[in-house]
Amino acid sequence: MENWEAYVRKVVPYVPGEQPQDERMIKLNTNENPYPPAPGVLRALKEFDTDKLRLYPEPTCKVLVDAIAKNYGLDSDQVFVGVGSDDVLAMIFLTFFNSKKPVLFPDITYSFYDVWSNMLRIPYEVRALDENFLIKKEDYYGENGGVIFPNPNAPTGILMELSEIEDIIAHNRDVIVVVDEAYIDFGGVSALPLIEKYDNLLVVQTFSKSRSLAGMRVGYAMGNPKLIRYINDVKYSFNSYTMNQTALALGVEAIRDGAYFEETRQKIIDTREWTKKKLKALGFKFGDSMSNFIFAAHERVPAKELFEALRKKHIYVRYFSKERIDNYLRISIGTREEMETFVEFLENYLQ
Ligand SMILES: *Cc1c(COP(=O)(O)O)cnc(C)c1O
């Protein structure tokens, strides 16, 4: 080993879902939205004045922060925006998880949490989900350096009751509790109202799933103004210009169009419920997903075999070769037509 290598920050990186360059594919592997962004997004992109690109973006991201705050009935100083919620969450880890006590999160959850912890040298402990993949709230009551979990959880899709989330927050007033609500718009109840009651709560959401903007990278955190100020201090110490000019302009349009948002999310919810019925009839078992994906195991055929058979037919789902979940497929909800093709394939394959 060369001498300099002793001083490299060695990390085991997060592995994002595959983005195959396959013309004919049905892509159900990264929980993207199958519908295009709101019409106003296209309009804003067409009308975008490229001369603006000479200039740095407005660093406080005011137009977008204001639009998000307005949508939720918040004050602008209760909102922080970043380059997707991954950026927002990484800033939150950096800002708030500086205790010597371990940060707590579930053993089966968003696989970026342990990556950030390792990279930032944050001690952490995982708490096992129960045999039905439910989070046990009591596991998060002990002393810790912070708590984070998605609701609904990923990749299980299972939603936790708001009262249980409140119990976790109330038992952790000395640390920051982060509820990662990447999928909350697909049928869950947001913890957002609790930010008025608990000054240690951050609710994180994203435009990537329910607002069809995964490619634009817009995420946000909501919490009391003091928390938001602390995250901004870290952001300005790291990279002042996180949001580019187009993300700011298009993000505003994405959140402004409430009617389009309602229409597309309802279509996804309906298609999810249709897909659940079909999968059940085919012998799959799964928790009651309240997200835009279903995490399912077949009673007979191993998940890996199904994953590979689907792939050969240009149908991409997600498979995790991780203990406890290596017999499950995570199937994102596409359009009704895409899900019909998917189900048809399974009907033939499994008969
Ligand atoms: C998709 C996802 C994110 C990150 O989404 P961004 O595209 O970075 O906004 C964060 N948390 C969970 C649980 C997710 O599934």
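Side notes on the structure shown:
- Fluctuation leader among P13, P57, P152 - the chain, Gaussian network, Cα springs under 10 angstrom: P13
- Here is the list for region 71-147: chymotrypsin sites (Phe, Trp or Tyr not before Pro) lying in DSSP coil, each with at most 15 other C-beta atoms within 10 angstrom of its C-beta, are Y141.
- In order through region 22-32: 3J(HN,Hα) via Karplus (6.51 cos²θ - 1.76 cosθ + 1.60), integer Hz, x for Gly, Pro: 10, 4, 9, 6, 10, 9, 10, 10, 9, 6, 6
- Protection proxy ranking, highest mean first, for peptides 232-239, 195-202: 195-202, 232-239, where packing is the per-residue count of other beta-carbon atoms within 10 Å, averaged.
- Choice from T264, T341, T275 with maximal GNM fluctuation in the chain (Cα, 10 Å cutoff): T341
- Relative to one another, the C-alpha centroids of region 210-261 and region 323-351 are positioned 33 Å apart.
- Based on DSSP H segments of at least four residues, each scored -39500 (n - 2.57), the chain has a per-residue ellipticity at 222 nm of -10500 deg cm²/dmol.
- Projected area averaged over orientations for region 39-256, convex hull of C-alpha atoms, nm²: 11.7 nm²
- Among V317, V189, V12: highest mean-square fluctuation, GNM of the chain, C-alpha pairs under 10 Å: V12
- For region 39-256, accessible area per residue (1.4 Å probe, heavy atoms of protein chains only), Å²: 42 Å²
- In a DSSP loop and with at most 12 other Cβ atoms within 10 Å, the GluC sites (Glu not before Pro) in region 107-154 are E131, E143.
- When region 231-327 is described by a simple charge dipole with +1 on each Lys and Arg Cβ and -1 on each Asp and Glu Cβ, the residue from L310, A249, Q266 located farthest towards its positive end is L310.
- For the listed peptides 84-91, 294-301, 28-35, a ranking on the average number of other beta carbons within 10 Å per residue, highest first, reads 84-91, 28-35, 294-301.
- Nearest-20 debye value, region 39-256 charge dipole, Cβ charges on Lys, Arg, Asp, Glu: 760 debye
- Annotation for region 51-114: trypsin sites (Lys or Arg not before Pro) lying in DSSP loop with at most 14 further Cβ atoms inside 10 Å of their Cβ are K100.
The values are calculated or read from the model by the stated rules, or taken from the named source; none is laboratory data. Since the model is a prediction, treat every value here as computed from it, not as a measurement. Heads up, the Cβs are rebuilt from the backbone with ideal geometry, glycines too, and the neighbour counts pull from every protein chain shown. For accessibility, only protein heavy atoms count, side chains too; no ligands or nucleic acids. Shrake-Rupley method; radii C 1.70, N 1.55, O 1.52, S 1.80 Å.
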